[in-house]
Amino acid sequence: MKLVVGLGNPGPRYARTRHNAGFRVLDTLAARSGVSLDERRFDGRFAECALAGERVGLLAPSRFMNRSGASLEQALAALPIADPASHVLVVYDDADLALGRLRLRARGSSGGHNGLADVLARLGSEAVPRLRFGIGRPAEPRDTVDYVLKAFGAEEEALLGLALPRAADAVVCFVAEGIAAAMNRFNGPWPAGDEGEDEPIDP
């Protein structure tokens, strides 16, 4: 079994904010799979589905972002996850990436993201595959906390209509082929023609 964990903040106040991009990728996967994240398990919202012929759990922690790891810890204690270093994928927002750009990595530090930092601390390892979903930075200088806790604008939502399905495709690729294949396929420029610098494909 594999587990995909989307990070965000619970409650309607935060539902459409930039910081909840991880939740929205999970919602896209759930809708595609015909399931709902309405089972209350592991201190979060949970659903089980089939992706690429694999049994996959989808988990959205119900604790606030900086305590996300407790939910994952509970899930790992109860589910038949063979190896978190290859069978768990954490999905979260990243303001250092342009809106909709994806970056997958097999391991690494939290990069200052509080949700991932708690996950790594709880698991005691940086060998946790992750998918960073770009939310962009504001055009004008602005407090980062204020920015990520605001809702996407109308034009951003239009772009998300393309970016979220692509992120779901990246998760399916991870499930079917592993992190290296997903990195090779989805870490490139997006939209087509973007001149941004890319990370090396090596895990």
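No value in this document is a laboratory result; all are computed from the given coordinates. This is a predicted model, so every value here is computed, not measured. All Cβ positions, glycine included, derive from the backbone under ideal geometry; neighbour counts span all protein chains shown.
So what is the 222 nm mean residue ellipticity for the chain from helices alone, if each DSSP H run of at least 4 adds -39500 (n - 2.57) and you divide by all residues, rounding to the nearest 500 deg cm²/dmol?
Value at 222 nm, helices only, nearest 500: -11000 deg cm²/dmol.
Listed values (1) 0.94; (2) 2.74; (3) 1.03 include one computed from this model; for Cα Rg over 2.2 N^0.38 Å that value carries the label (1).
Restricting attention to the chain, close to 55% of DSSP beta bridges with both partner residues there are antiparallel.
So which helices of the chain fit the span-like rule, where a helix is a whole DSSP H run, its Cα atoms reach 24 Å or more along the axis, and its mean Kyte-Doolittle is at least -1.0? Working shown, then result.
Numbers: long enough: 154-177 (34 Å, 0.90).
Those that pass (Cα extent of 24 Å or more, hydropathy at least -1.0) are 154-177.
Here the chain is treated with +1 on each Lys and Arg Cβ and -1 on each Asp and Glu Cβ, and its dipole about the Cα centre works out to around 580 debye. Rounded to the nearest 20, the size of the Cβ-charge dipole of segment 104-198 about its Cα centre is 420 debye, with Lys and Arg at +1 and Asp and Glu at -1.
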